[in-house]
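This report concerns only the one structure given below.
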Amino acid sequence: MTSRTVNIFANDEFGNIQVISGGSSGSRLSMQEGDLLTINHTSASDPSTGSITVSSFSSSYWTVTSNLSIARLGNGTRTVKTSPTVSVVNLTCALSGYTSGTIYLDIITSTDNTPNAFTFDGISDANPSQEYALGSFTVTGINVSVTAVASGSAGTKTSLTLGGTPDTADKTVTNNQVVYVYGTSSASYGASTSATVTINGVSHTSTITTIADPSAGTRIPLGIASGAISLDDIRKLFGPATYGPIYGVASMGNYYRNGTYVPNITSGTPNNNNIPTSGVIDLQDFYSCCTSLYFSSPPSNQFENVDTGSGAVTRVITFSTDNWALGFGPSMKYLVEYRFVHDKEIYNELAGGIATTAVLNGTSYNVETASDPITSPWSSSGVAQITCVADSMSEAFVVVKLTIEARHKIFTSYTTSTQTYYRFNVYGP
């Protein structure tokens, strides 16, 4: 049994009934069966003040339902009944000539194991077979330990700490426990997986949907339908990026359809239907031809667990052309220039402090304070480097979506893009 004590008095200066330690509408006093509520009418009231009446003792909650009439320096008590109705309760404290005061209570069962509703994020632009941080939620509305169960086709994982290793095991959670959720996307394009967390009958499901199959890509036309055409015109569209043994030899044998440099596009407009797959090949076969630009191998997500328990720590995440492949042809990544769009999904500094800097194509940005999203300049280098400097004993959770855009250096109006994510789990205390 728990005892709750609330003090009340008539405030002559403000003309109202003051309630001390009586909770508020946003932070109520929790009581359950057998708990005792004691209400004191304190000496702060003028000696001539009459009794304060406390009312609204419903039979749904209390063993005695009559009003309390409490004289100055007196008190009154009420006890919560067995198996009370679970509800919020407002008790009114009134005295003629004064504005009434309120005692705010939350009547709960002896075991409240049903949490409030919770949510976490989904992903709509996922790359195949990659794990994503789906955010976190705080368990509220319970007064006992309960079990959180992860399920779903996303191979849902949870962690109760920033530094913990996410896994599929059930977790024991308590009120105000933070749960971090992770899920893996489908191995197929244009497909979805689901991530579900269930806590004692209350659940939330988010969906991870992969991008459409990019192999059709963005068609880039040569733009020459008749007249003069050269092998260099063809090389500039299909590659190799430059002449020489490193990039390949720009001979006609490189440019058969469905060969090293020319995609097998035979329908739609433009197309390569006139380019032979073998035998005699002529420059005029390339009138109205096209190549295709797409990320044939997207970059993987990257994350860093940053343990600050032993002092300040610096971690660096880098994305560069080594982390992805472009189609069509082995030279396409050298025929384009890149731009990054840096979009914060979560940036929570929970304890201590961190400083996060993103250098995107050579331009530096303060991730915490810069306008969101950040868009870098175009560059042939295609390098994004993110540095997180975390203070000793700091805690933070950072999740960022990084869109990588590519455009043909010569035919610059033609672009394609892919998305990747990075995160820093900073923990220490």
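Numbers at a glance
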{"item": "Count of residues meeting criterion [touching a strand residue (DSSP E or B) at 6+ places or on another chain (Cβ under 6 Å) and either farther than 17 Å from S300 by Cβ or not assigned by TED's automatic domain parsing to the domain that holds T403 (or both)] in segment 323-333", "result": "3"}
{"item": "Qualifying positions in segment 36-57 - exposed (fewer than 14 other Cβ atoms within 10 Å of the Cβ) and either modelled with pLDDT of 95 or more or at positive phi (or both)", "result": "T38"}
{"item": "Subset of segment 308-330 [at pLDDT below 95 and in a strand (DSSP E or B)]", "result": "A325, L326, G327"}
{"item": "Breaking point among (1) in the same structural domain as A133 (by TED's automatic domain parsing); (2) within 27 Å of E405 (Cα to Cα); (3) assigned to a strand (DSSP E or B); (4) in contact (Cβ under 8 Å) with a residue 60 or more places away in the chain, for V181", "result": "(2)"}
{"item": "Top-ranked residue of segment 106-120 - restricted to ones that are modelled with pLDDT under 95 and buried (at least 19 other Cβ atoms within 10 Å of the Cβ), ranked as farthest from Y421 (Cα to Cα)", "result": "I107"}
{"item": "Some residue of segment 36-48 being under 15 Å from L105 (Cβ atoms) and of a type in the set (S, T, N, Q)", "result": "yes"}
{"item": "Filter result for T357 (surrounded by fewer than 19 Cβ atoms within 10 Å (Cβ to Cβ), farther than 22 Å from T165 by Cα and in contact with a helix residue (DSSP H, G or I) (Cβ under 9 Å, 6 or more places away or on another chain))", "result": "no"}
{"item": "Of all residues making up segment 332-370, the number that are modelled with pLDDT under 90 and more than 21 Å from N425 (Cβ to Cβ)", "result": "4"}
{"item": "Pick from segment 403-421, criterion part of a strand (DSSP E or B) and hydrophobic (A, V, I, L, M, F, W, C), ranking: nearest to Y294 (Cα to Cα)", "result": "A406"}
{"item": "Meets criteria (exposed (fewer than 14 other Cβ atoms within 10 Å of the Cβ) and at positive phi) for S129", "result": "yes"}
{"item": "Candidate set: segment 240-275, residues that are β-branched (V, I, T) and either surrounded by 15 or more Cβ atoms within 10 Å (Cβ to Cβ) or under 15 Å from C290 (Cα atoms) (or both); chosen: the one modelled with the lowest pLDDT", "result": "T260"}
{"item": "Residues of segment 382-429 classified as under 27 Å from G190 (Cα atoms) and charged (D, E, K, R), total", "result": "4"}
{"item": "Test: residue in segment 218-225 that is outside any loop (DSSP other than H, G, I, E, B), modelled with pLDDT under 95, over 22 Å from the mean Cα position of the chain (by Cα) and of a type in the set (D, E, K, R)", "result": "yes"}
{"item": "Single residue of segment 121-160 satisfying the filter (closer than 30 Å to T82 by Cα and part of a loop (DSSP other than H, G, I, E, B)) that is modelled with the lowest pLDDT", "result": "N143"}
{"item": "Residues within segment 168-213 that are modelled with pLDDT under 95, within 24 Å of V426 (Cβ to Cβ) and surrounded by fewer than 17 Cβ atoms within 10 Å (Cβ to Cβ), tallied", "result": "3"}
{"item": "Unique match (being among the charged types (D, E, K, R), closer than 30 Å to T138 by Cβ and either in contact with a helix residue (DSSP H, G or I) (Cβ under 9 Å, 6 or more places away or on another chain) or not in a loop (DSSP other than H, G, I, E, B) (or both)) among K333, K344", "result": "K344"}
{"item": "Residue check, S136 within 18 Å of the chain's Cα centre (by Cα), within 26 Å of V400 (Cβ to Cβ), surrounded by 15 or more Cβ atoms within 10 Å (Cβ to Cβ) and not assigned by TED's automatic domain parsing to the domain that holds S394", "result": "yes"}
{"item": "Test: residue in segment 56-66 that is among the hydroxyl-bearing types (S, T, Y), part of a strand (DSSP E or B) and not assigned by TED's automatic domain parsing to the domain that holds T140", "result": "no"}
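Per-residue answers, yes or no, for (1) of a type in the set (V, I, T); (2) over 26 Å from V178 (Cα atoms); (3) touching an Asp or Glu at 6+ places or on another chain (Cβ under 7 Å); (4) not assigned by TED's automatic domain parsing to the domain that holds N361:
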{"site": "S376", "(1), (2), (3), (4)": "no, yes, no, no"}
{"site": "S381", "(1), (2), (3), (4)": "no, yes, no, no"}
{"site": "A396", "(1), (2), (3), (4)": "no, no, yes, no"}
{"site": "V399", "(1), (2), (3), (4)": "yes, no, yes, no"}
{"site": "E405", "(1), (2), (3), (4)": "no, yes, no, no"}
{"site": "I410", "(1), (2), (3), (4)": "yes, yes, no, no"}
{"site": "T416", "(1), (2), (3), (4)": "yes, yes, no, no"}
{"site": "T420", "(1), (2), (3), (4)": "yes, no, no, no"}
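Here's the yes/no breakdown for (1) within 23 Å of the chain's Cα centre (by Cα); (2) farther than 30 Å from A390 by Cβ; (3) not assigned by TED's automatic domain parsing to the domain that holds L231:
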residue: Y287; (1), (2), (3): no, yes, no
residue: V306; (1), (2), (3): yes, no, yes
residue: G309; (1), (2), (3): no, no, yes
residue: R315; (1), (2), (3): yes, no, yes
residue: T318; (1), (2), (3): yes, no, yes
residue: L335; (1), (2), (3): no, yes, yes
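The values are calculated or read from the model by the stated rules, or taken from the named source; none is laboratory data. This is a predicted model, so every value here is computed, not measured. Backbone-built Cβ (ideal geometry, glycine too); neighbour counts: all protein chains shown.
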